[in-house]
Structures are given as structure tokens and as C-alpha cells.
Amino acid sequence: MATFLLELAKLTIPGVLVLLAAYYILKDLLNNQERNRYYELKKETAKNLNPIRLTAYERLALFLERIQPDSMILRVQNNSMKVKDLHIALLATVREEFEHNVTQQIYVSNDVWAVTKNAKESIIQLINTCASDIPDELPAIELAKIIIERYGSIETTPVDMALEILKKEVKSFY
């Protein structure tokens, strides 16, 4: 009986060892395959998402350029406008531009979105402050001059800061 058990042990122990080795090798192989599938999925997602993200950054850069007072005033102002009309038109333009690009926040970092919103709010505040300093019935050109003067006197404008942060973030992708 002892020889039978010894013979049985000689046959089963190597079989069990081979089975354990095969289990661990297969487990490692399956884990590697899973990691590779995850990596490929992530790579494919990035390939599809990067153009969308770049478009979002482009649109935000365009938004920031379009709300710069000098370019916005040239687009909005006409000779028949009074201060009040230009004030309302400028605020409406900033808000419309922002609402048109609000969905871009999904694709950019919180920092870029925060400085973009800050730039918008700063421009609105500048417009409101300048408009409150002069009578509503004056020609719109007077408000335009004050806004451009004050904006030009700011050393680093909120729009410039936002554009700089936006550009740095885009460069960090490449």
C-alpha cells in the first residue's frame, strides 16, 4: 500500500505542479491581454477625442478674440447709435458669444474654463463701468473711446491671460 501511495504521489504531484504553473501563466497572459485592450481603447478614444478638444480650444480662443473691446466695437457700433444702444449691444454680443461656446467647457480643463469665464465677466464689468460714467444720450463713439482707452491701459488684460493659459494647455498635449 505504501508503494501504491508513493507511486500515486509521483504521478499526482507533478500533474498538480503543471496545473498550477499553467494557471498562473494563463492568468498573467489574460491580464496582459486585458491591459492591452484597455490601452488600445484609450488610444482609440484619444484619437477620436483630440480633434474635438482642439476644436474646443480654437472656439474658445476665437470667443476671447471676439470679445476684445476694440474688435467687438468695430463689429457692433454704427453711426446712429447712442451710448445706451451701444452699451446694450455690447453686452448682448458678449453674452451671445459666450452662450454659443458654453458647451466647450466639457473638453477643456477647469482652469481654462475659469479664466475664460473671468475674462467674459471682466469685459462685461468694463462695459458697464464705462457706460455708467457718461450720459446715455451721447453718441456711441464716446462710449467706444472710453472703453478702448481703459482697456488699453490695462497692463495684462483678462483676455490676454486667458489666451495665454489656453495656449499653454494646448501645447502641453504635444
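For the range 16-37, the criterion of being acidic (D, E), free of Cβ contacts under 8 Å to residues at least 40 places away in the same chain and under 30 Å from E169 (Cα atoms) is satisfied by no residue at all.
Taken together, the residues in the range 105-120 that are loosely packed, with under 13 Cβ neighbours inside 10 Å and either out of contact with any helix residue (DSSP H, G or I) (no Cβ under 8 Å at 6 or more places or on another chain) or of a type in the set (F, W, Y) (or both) amount to 1. If I filter the range 103-111 for residues that are among the aliphatic types (A, V, I, L, M), at pLDDT 95 or above and in a helix (DSSP H, G or I), do I get at least one hit? Within the range 103-111, not a single residue is among the aliphatic types (A, V, I, L, M), at pLDDT 95 or above and in a helix (DSSP H, G or I). Would a scan of the range 69-92 turn up a residue that is of a type in the set (A, V, I, L, M), under 30 Å from L49 (Cβ atoms), surrounded by 13 or more Cβ atoms within 10 Å (Cβ to Cβ) and free of Cβ contacts under 8 Å to residues at least 60 places away in the same chain? Within the range 69-92, none of the residues are of a type in the set (A, V, I, L, M), under 30 Å from L49 (Cβ atoms), surrounded by 13 or more Cβ atoms within 10 Å (Cβ to Cβ) and free of Cβ contacts under 8 Å to residues at least 60 places away in the same chain. Residues in the range 124-144 that are surrounded by fewer than 20 Cβ atoms within 10 Å (Cβ to Cβ) and more than 33 Å from the chain's Cα centre (by Cα): S132, D133, I134, P135, D136, E137, L138, P139, I141, E142. Looking at the range 112-120, can you tell me whether even one residue there is touching a Ser or Thr at 6+ places or on another chain (Cβ under 8 Å) and without any contact (Cβ under 8 Å) to a residue 24 or more places away in the chain? Looking through the range 112-120, none of the residues is touching a Ser or Thr at 6+ places or on another chain (Cβ under 8 Å) and without any contact (Cβ under 8 Å) to a residue 24 or more places away in the chain. Being under 30 Å from W113 (Cα atoms) and in a helix (DSSP H, G or I) is the requirement here; does L30 meet it? In short, no.
Matching residues to (1) small (G, A, S); (2) within 19 Å of L91 (Cα to Cα); (3) touching a strand residue (DSSP E or B) at 6+ places or on another chain (Cβ under 8 Å):
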| site | (1), (2), (3) |
| --- | --- |
| T129 | no, yes, no |
| P135 | no, yes, no |
| I146 | no, yes, no |
| S153 | yes, no, no |
| D160 | no, no, no |
| L166 | no, no, no |
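Say whether the condition of being part of a helix (DSSP H, G or I), at pLDDT below 95, among the charged types (D, E, K, R) and over 30 Å from T45 (Cα atoms) is met by at least one residue in the range 80-91. No: the range 80-91 contains no residue that is part of a helix (DSSP H, G or I), at pLDDT below 95, among the charged types (D, E, K, R) and over 30 Å from T45 (Cα atoms). Take the residues of the range 152-174 that are of a type in the set (S, T, Y) and not in a helix (DSSP H, G or I): which is surrounded by the most Cβ atoms within 10 Å (Cβ to Cβ)? Ranking the qualifying residues of the range 152-174, first place goes to T157. Counting just the residues of the range 122-151 that are without any contact (Cβ under 8 Å) to a residue 24 or more places away in the chain and part of a helix (DSSP H, G or I), which one comes out nearest to Q104 (Cα to Cα)? Applying the filter and picking the extreme gives Q125. When the range 87-125 is filtered for residues that are in contact with a Pro (Cβ under 9 Å, 6 or more places away or on another chain) and over 21 Å from K167 (Cα atoms), only L90 remains. For S71, are the conditions met, namely being part of a helix (DSSP H, G or I) and touching a helix residue (DSSP H, G or I) at 6+ places or on another chain (Cβ under 6 Å)? So S71 does not fit the description; no.
The sole residue among K171, K117 that is modelled with pLDDT under 95, farther than 30 Å from S80 by Cβ and not hydrophobic (A, V, I, L, M, F, W, C) is K171.
The values are calculated or read from the model by the stated rules, or taken from the named source; none is laboratory data. Predicted, not measured: the structure shown is a model, and the values here were computed from it. Here Cβ is always computed from backbone atoms with ideal geometry, including for glycine, and neighbour counts include all displayed protein chains.
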